[in-house]
1. Go through segment 46-65 residue by residue and tally those that are within 15 Å of L93 (Cβ to Cβ), touching a Leu at 6+ places or on another chain (Cβ under 8 Å) and part of a strand (DSSP E or B).
2. Give L81, L93 a once-over and let me know the one that is closer than 24 Å to N30 by Cβ and either polar (S, T, N, Q) or over 17 Å from the mean Cα position of the chain (by Cα) (or both).
3. Can you tell me which condition L155 does not meet? The list is (1) in a loop (DSSP other than H, G, I, E, B); (2) exposed (fewer than 15 other Cβ atoms within 10 Å of the Cβ); (3) out of contact with any Ser or Thr (no Cβ under 9 Å at 6 or more places or on another chain), and all the others hold.
4. Scan segment 208-235 and report the pairs whose first residue is over 20 Å from L28 (Cβ atoms) and whose second residue is in a strand (DSSP E or B) and of a type in the set (F, W, Y), with Cβ atoms within less than 7 Å and a gap of 6+ or a chain change.
5. Assuming L198 fulfils every condition listed in (1) part of a loop (DSSP other than H, G, I, E, B); (2) in contact with a Lys or Arg (Cβ under 9 Å, 6 or more places away or on another chain) apart from one, which condition is it?
6. Does segment 162-181 contain at least one residue that is over 16 Å from the mean Cα position of the chain (by Cα), hydroxyl-bearing (S, T, Y) and under 18 Å from L35 (Cβ atoms)?
Amino acid sequence: MKKLLYIIVFSVLTPLIAAAQTIDSQLLENCKKELADISEKKVEIHDIAFNTDGHWLILYGDIGYSYSYIPTPLENMLVKLNAAGTSIDKAVLLGDTSWALLYNGKEYTAQSLPSDIATDIAAAQKKQKNFRCLAYKGECRLTVYGSNGFIAKGLPQQMVAKLAQLNKKKVSIREAAFGPDNGWVLLYGRTGIAFQNLPDDLTALLKKLGKKGTKVNLVRFFGSKWVVVYDDYKVETNI
């Protein structure tokens, strides 16, 4: 059954480019508050996407979403999917006009994506497998589809080795993210976590959750800031 959820939009004024750092802090604080509100309602959080300016989009429930700012075509698509009761799965925000949205398991729509990401998405879709996740940072990119299929380029050697191991053992690859200082994280199986070069506070949290056998759903980064979603709706962050 589809969850009928409120769509919440945070309006943030940006009068001066020189105040970008202050504005970014307020944007992240608004994101933190929204995540806390969704978590308190015990609604599953599917994805969190940040663009290069700190604007954010949260996907939750089956068709719910909230955001600080998103391009008009993406907003229109979200409204359309929400009205139709179509599941909204994953999002990527790369800039004010560059984005991708995964929905209904196998479908996607995008605008002004870098050609390498667009090529990877098209290759995964051609295989007619469900998308799992898209992770992109600088020269590193990873598209996961089906249970454990992936298309990758520019990844750290240890991450490539782990992906190959999971694929060979037919273990599901659920999520991936790239952090600061060449850090990365993979979520696999029901509760599996692999990571390297992450900030000390995040490393300690992931080790604690892993030791407890807790399911980690998402790890997302904006610069040195991070957000972890676990047990479907619980949130920890250093924002």
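Please treat every number below as a calculation from the coordinates, not as lab data. All of these numbers come straight from a predicted model, not from anything done at the bench. Here the Cβ is made from the backbone with ideal geometry for all residues, glycine too, and neighbour counts use every protein chain on show.
1. Qualifying residue count for the region: 9.
2. Working: L93 fails: either polar (S, T, N, Q) or over 17 Å from the mean Cα position of the chain (by Cα) (or both).
When all the criteria are applied, what remains is L81.
3. Checking L155 against (1) in a loop (DSSP other than H, G, I, E, B); (2) exposed (fewer than 15 other Cβ atoms within 10 Å of the Cβ); (3) out of contact with any Ser or Thr (no Cβ under 9 Å at 6 or more places or on another chain), the one that fails is (2).
4. Qualifying pairs under 7 Å: L209/Y230; T214/Y230; K215/Y230; V216/Y230.
5. Here L198 clears every test but (2).
6. Going through segment 162-181, the residues over 16 Å from the mean Cα position of the chain (by Cα) turn out to be 162-172, 181.
With hydroxyl-bearing (S, T, Y) added as a condition, the list becomes 172.
The next check asks that each one be under 18 Å from L35 (Cβ atoms); those that pass are none.
Checked against the condition, which is being over 16 Å from the mean Cα position of the chain (by Cα), hydroxyl-bearing (S, T, Y) and under 18 Å from L35 (Cβ atoms), segment 162-181 yields no hits at all.
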